[in-house]
Amino acid sequence: MRGMLVAGNWKMHGSMHSTREWVAMVKAISSPTCTRVMFPPFPYLSTAMQVATSDEVAMGAQDLSQHAEGAYTGEVAASMLQDIGVEYVLVGHSERRQYHAESDAVVAAKFLAAVSVGLRPVLCLGETLEEREAGRTEEVIRRQLGTVLDRCGLSAFSEAVIAYEPVWAIGTGHTAHPDQAQQIHAFIRSQLAGRDAKLARMTRLLYGGSVKPDNAAELFSEADIDGGLVGGASLQAVDFLAICAAAS
Ligand code: PEP
C-alpha cells in the first residue's frame, strides 16, 4: 500500500552549517515506516547529500525549469537535478504560483520535465482564502489537478506525490481542521479515481499548511492523508523528527 511520507520544505532558509547538522540529526534516528524527504535550497543539496550517505533521507529540490536546457539564466534543469542524485521535486508550490506567476500550464510543463528524467514530482494544489470563502475550493483543485492530468497523462503520475496545501494555511499557523483536510483529500482521490482506480489507491496525498509536532498525529490519522509537506516546522530537526514520529 501507500506508506507515509513526510517532506521538509526549507524554502529560502538555512546555511551550509545548519544543513549538515540537520541531516546528521535526522539520519541518526531511523524511520522504517515513514519516507523522509528534505527540500533544502539548491546550493545546499550537495552538502545534504554528502552528509546523508544513506537511504534515511531522500533529497528533493524546491523547483525546476520547464525547459530541458538552453539560454535560461538562473534556471535549473531537471536533468541537472537527476544528475546529482536528487529524487523528488516540488512542482506548483503556491509561492511559485503567487510570486512567479506560474500558471497551471507552466506547472504541467514542469511536472512533465521532472517525470521525463525520472524525478518524482510533488504536485502542490490548494485554494486561496478568497476562493474557499467563495465556495470554489473543489473547482480550483479540479482545475489545477485536471490541467496536469490532461497535459501529462496518467502514466506520468506513477511516481508522483500530491500535496494539498490550502494557501490560507501555509505559514499562517491556521492549520486546516483534520475533517476539512480529509474532505479535500478524499475529493482529490475521487478525481484520480475518475481516471484510474489503481492510481487513486496508490498515490500518496500529503497535507501541507502549518503542520506542527502537536497537530500532526491528528491530521495523519485521517484515511486519505498519507503524510505531510512541512515548511516552518521542518527547519528544526527535532520538530521534523517529531512530525515523522507522528506519521510512523
Ligand atoms: C510549505 O512551505 O509548503 C508549508 C506548508 O509551510 P508551513 O508548514 O510553514 O505552513
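The values are calculated or read from the model by the stated rules, or taken from the named source; none is laboratory data. Note that the coordinates shown come from a computational prediction; the quantities given were computed from them, not determined experimentally. Backbone-built Cβ (ideal geometry, glycine too); neighbour counts: all protein chains shown. What goes into the accessible areas is simple: the full protein's heavy atoms, side chains included, and nothing from ligands, DNA or RNA. Shrake-Rupley method; radii C 1.70, N 1.55, O 1.52, S 1.80 Å.
Shown is the FRET efficiency for residue 154 and residue 129, computed with R0 = 22 Å from the Cβ-Cβ distance and rounded to the nearest 0.05: 0.10. Residues 94, 15, sorted by accessible area with the largest first, give 15, 94 [1.4 Å probe; ligands and nucleic acids excluded].
Counting only protein heavy atoms and a 1.4 Å probe, tell me what percentage of the chain's accessible area is made up of carbon and sulfur.
Working: 5640 of 10970 Å².
The value for the chain is 51 percent carbon and sulfur by accessible area.
Length gained on full extension, residue 116 to residue 15, computed as 0.36 nm times the residue gap minus the Cα-Cα distance: 33.3 nm.
Compute the accessible area per residue over the chain, keeping the other protein chains in place, probe 1.4 Å, unit Å². Intermediate results must be reported in sequence, preceding the final value.
Working: 10970 Å² over 248 residues.
Normalised by residue count, the accessible surface of the chain is 44 Å².
Summed over qualifying helices (DSSP H, 4 residues or more, each -39500 (n - 2.57)) and divided by its residue number, the chain shows a 222 nm mean residue ellipticity of -12500 deg cm²/dmol.
The label point for residue 53 and the one for residue 217, both projected 7 Å from the Cα toward the Cβ, are 3.5 nm apart.
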